[in-house]
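Enquirer: What follows is a structure written as structure tokens; I'll ask about it next.
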Amino acid sequence: MTVASRREWLLSDRPESRRQARLGQIYRTWLSFKTNWLAMIGLGIVLLLCVVAVFADVIAPYDPVIGGDLRTERFLPPFTGDHLLGTDDLARDIFSRIVHGARLTLMVVALVAVIATPIGLLVGTTSGYFGGWVDTVLMRVTDIFLAFPRLILALAFVAALGPGIENAIIAIAITSWPPYARLARAETLTIRDSDYINAARLQGASSARILWGHITPLCLSSVIIRVTLDMAGIILTAAGLGFLGLGAQPPQPEWGAMIASGRRFIIDFWWVATVPGIAIFVVSLGFNLLGDGLRDVLDPKAHGNTDTAKARP
């Protein structure tokens with residue numbers, strides 16, 4: 001099959017199978033997504049983060065934990081000698097620590113998303129579908145979590161669990177699911193009385209099957225957009241915990257902890273704290289740009305508003 005025929009097959013208005021329809025929808029989404037150059041920049045930053053995290057051992061020229069000669073290699077400035085981004089107070093190569101810190105950052109983001117998203121979907125869809133006292137109880141619990149700022153609540157959980165990157169991930173995940181639950185509940189309320197849901201009930205489908213087989217897939221696009229937009233907040237929360245000494249513990253190369261250790265030398269040796277700060281900023285910007293792009297192509301309400309605007313004379 002040539003490229004032209006494959007493209008025609010994907011863009012067909014009359015797909016002959018579910019697989020063709022599914023692949024065609026994915027291809028149309030990609031065509032729409034790649035017209036947004038800011039979203040493509042965000043995608044490039046996120047993909048670069050993933051590549052750096054996976055190949056950190058190959059990319060990093062030095063050990064991120066073991067430093068060099070303290071007499072001659074402390075506080076070397078960037079772009080001089082063999083150290084691209086300079087060295088810190090323990091003569092450790094900052095570039096190598098940034099590269100290995102990308103692995104920690106990606107691990108935090110991935111694990112928080114894996115833990116918090118299913119919890120939010122489960123609570124939100126269950127609350128919206130059943131309503132009544134189930135909705136009241138679940139939403140009041142959600143409101144309790146939403147009543148506190150995320151970082152403050154994460155600090156409380158980490159203080160109870162103890163410092164460490166594993167406990168920080170658990171604390172961030174516990175504080176991240178309420179917005180997803182609210183969003184999933186709102187989507188479920190608009191779906192639960194639809195004709196196809198009533199048809200599934202008449203065919204004898206159980207509540208669990210309706211929730212996970214029919215309602216949850218329809219809520220996924222909105223939740224994925226929200227999760228992607230929240231990645232920057234997750235990174236900042238993890239960096240904040242590391243900065244306060246409650247996240248990753250020394251000598252782990254976590255970006256927030258690197259800023260905390262470098263703030264003492266910010267006047268004379270600015271690069272020790274500035275470089276990890278720039279890394280946090282760039283990665284957070286990448287996730288925000290990617291989330292905005294996904295919202296433009298996946299949010300049906302946005303598509304509806306766009307189509308309406310185009311239809312106006």
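The values are calculated or read from the model by the stated rules, or taken from the named source; none is laboratory data. Just so it is clear, the model here is predicted, and its values are computed rather than measured. Every residue, glycine among them, receives a Cβ derived from its backbone with ideal geometry; neighbour counts consider all protein chains shown.
Enquirer: Looking at the stretch 70-115, which of its residues are part of a loop (DSSP other than H, G, I, E, B), under 21 Å from Ala56 (Cβ atoms) and in contact with a Lys or Arg (Cβ under 8 Å, 6 or more places away or on another chain)?
Expert: Correct list: Asp88, Leu90, Ala91.
Enquirer: For the condition in contact (Cβ under 8 Å) with a residue 40 or more places away in the chain, in contact with a Ser or Thr (Cβ under 8 Å, 6 or more places away or on another chain), under 30 Å from Ala39 (Cα atoms) and part of a helix (DSSP H, G or I), what is the one hit in Ile225, Ile234?
Expert: On the way: Ile225 fails: in contact with a Ser or Thr (Cβ under 8 Å, 6 or more places away or on another chain).
The unique qualifying residue is Ile234.
Enquirer: For Leu121, work out the one condition from (1) assigned to a loop (DSSP other than H, G, I, E, B); (2) under 30 Å from Ala208 (Cα atoms) it doesn't fulfil.
Expert: Evaluating Leu121 over (1) assigned to a loop (DSSP other than H, G, I, E, B); (2) under 30 Å from Ala208 (Cα atoms) leaves (1) as the failure.
Enquirer: Quick test for you: out of Asp93, Asp89, pick the one residue that is closer than 21 Å to Val275 by Cβ, among the acidic types (Asp, Glu) and in contact with a His (Cβ under 8 Å, 6 or more places away or on another chain).
Expert: Answer to the check: Asp93.
Enquirer: Residues to consider are Leu121, Leu155; find the one that is under 30 Å from Gly242 (Cα atoms), buried (at least 18 other Cβ atoms within 10 Å of the Cβ), at pLDDT below 90 and under 22 Å from the mean Cα position of the chain (by Cα).
Expert: The match here is Leu155.
Enquirer: Based on what the data block shows, is Leu11 under 22 Å from Gly286 (Cβ atoms) and either aliphatic (A, V, I, L, M) or loosely packed, with under 11 Cβ neighbours inside 10 Å (or both)?
Expert: No.
Enquirer: Also: Within the stretch 42-72, how many residues turn out to be within 16 Å of the chain's Cα centre (by Cα) and farther than 15 Å from Thr105 by Cβ?
Expert: 3
Enquirer: Please name all residue pairs, on different chains or six or more residues apart, with Cβ atoms under 9 Å, provided the first residue is in the stretch 158-181 and is touching a residue at least 12 places away in the same chain (Cβ under 8 Å) and the second residue is crowded, with 16+ Cβ neighbours inside 10 Å and of a type in the set (Lys, Arg).
Expert: Correct list of pairs: Ile172/Arg150; Thr175/Arg150; Ser176/Arg150; Pro179/Arg226; Tyr180/Arg226.
Matching residues to (1) crowded, with 16+ Cβ neighbours inside 10 Å; (2) touching a Cys at 6+ places or on another chain (Cβ under 7 Å); (3) modelled with pLDDT under 90; (4) on the phi > 0 side of the Ramachandran plot:
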| site | (1), (2), (3), (4) |
| --- | --- |
| Trp271 | yes, no, no, no |
| Thr274 | yes, no, no, no |
| Ile280 | yes, no, no, no |
| Val283 | yes, no, no, no |
| Asn288 | yes, no, no, no |
| Asp296 | yes, no, yes, no |
| Ala302 | no, no, yes, no |
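Enquirer: Could you go through the stretch 101-111 and let me know if any residue there is farther than 26 Å from Gly286 by Cβ, of a type outside the set (Lys, Arg) and in contact (Cβ under 8 Å) with a residue 60 or more places away in the chain.
Expert: No, every residue in the stretch 101-111 fails to be farther than 26 Å from Gly286 by Cβ, of a type outside the set (Lys, Arg) and in contact (Cβ under 8 Å) with a residue 60 or more places away in the chain.
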